[in-house]
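All remarks here apply to the structure that follows.
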Amino acid sequence: MLKEFKEFAIKGNMLDLAVGIIIGAAFGTVVNSLVNDILMPLISSVIGTPDFSNLFLVLRNRTGAAFTSVKVARDAGAVVLAYGLFLNAIIAFLIVTAALFFVVKAMNRLRRLEETAPAAPPQPPAEVRLLGEIRDLLRR
């Protein structure tokens, strides 16, 4: 059983999958930073809202207090519709989708270039090559 598990774990596809998951997690961190630290402040400065993550609507508030953030409202037990967090998630999704589109587009272009590259001439069978070498030696 251990031998079978070792064969399964060492297969190329399994290693490729593991590398893909690790790179995907790192890519997600980069995209999250891009959205939260670069794009959202730019978009917010144009629109005038300092931070989308704090755009929310209180649906039910038993205390009657005013809340400054989604977290404070939820901690107080209020029912909150956090549409700003949803906007952040949509923007992050669109960025990831665009990035993956460009990666797949580049890979498809490389694949097409590889397919259109001239193929090497087919090699004759080993017997024919050997007979050709013998012929060349006898000519000398």
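Tell me, please, whether a residue that is in contact with a Phe, Trp or Tyr (Cβ under 7 Å, 6 or more places away or on another chain), more than 30 Å from residue 20 (Cα to Cα) and modelled with pLDDT under 85 can be found in the stretch 54-64.
No, the conditions are met nowhere in the stretch 54-64.
Given (1) within 30 Å of residue 57 (Cα to Cα); (2) open to solvent by 90 Å² or more (accessible area, probe 1.4 Å); (3) not small (Gly, Ala, Ser), identify the lone condition not met by residue 113.
In the conditions (1) within 30 Å of residue 57 (Cα to Cα); (2) open to solvent by 90 Å² or more (accessible area, probe 1.4 Å); (3) not small (Gly, Ala, Ser), residue 113 misses (1) alone.
I want to confirm something. Restricting to the stretch 116-140 and keeping residues that are aliphatic (A, V, I, L, M) and surrounded by 11 or more Cβ atoms within 10 Å (Cβ to Cβ), which single residue is farthest from the chain's Cα centre (by Cα)? Working first, answer last.
Here is the first cut: in the stretch 116-140, the residues aliphatic (A, V, I, L, M) are 117, 119-120, 126, 128, 130-131, 134, 137-138.
This time we only want the ones that are surrounded by 11 or more Cβ atoms within 10 Å (Cβ to Cβ), so: 130-131.
Values: 130: 51, 131: 54 Å.
My answer is 131.
Taking the conditions exactly as written (in a helix (DSSP H, G or I), over 25 Å from residue 24 (Cβ atoms) and modelled with pLDDT under 85), does residue 127 satisfy them or not? Outline the logic, then answer.
On the way: in a helix (DSSP H, G or I): yes; over 25 Å from residue 24 (Cβ atoms): yes; modelled with pLDDT under 85: no.
No.
Among the aromatic types (Phe, Trp, Tyr) and open to solvent by 90 Å² or more (accessible area, probe 1.4 Å): which single residue out of 102, 67, 52, 56 fits that description? Walk me through how you get there before you give the answer.
On the way: 67 fails: open to solvent by 90 Å² or more (accessible area, probe 1.4 Å); 52 fails: open to solvent by 90 Å² or more (accessible area, probe 1.4 Å); 56 fails: open to solvent by 90 Å² or more (accessible area, probe 1.4 Å).
Exactly one residue qualifies, and that residue is 102.
The values are calculated or read from the model by the stated rules, or taken from the named source; none is laboratory data. All values reported here derive from a predicted model rather than from experimental measurement. Note that we place each Cβ from the backbone using ideal geometry, even for glycine, and neighbour counts take in every protein chain shown. Please note that ligands, DNA and RNA were not included when accessible areas were found on the heavy atoms of the full protein model with its side chains. Shrake-Rupley method; radii C 1.70, N 1.55, O 1.52, S 1.80 Å.
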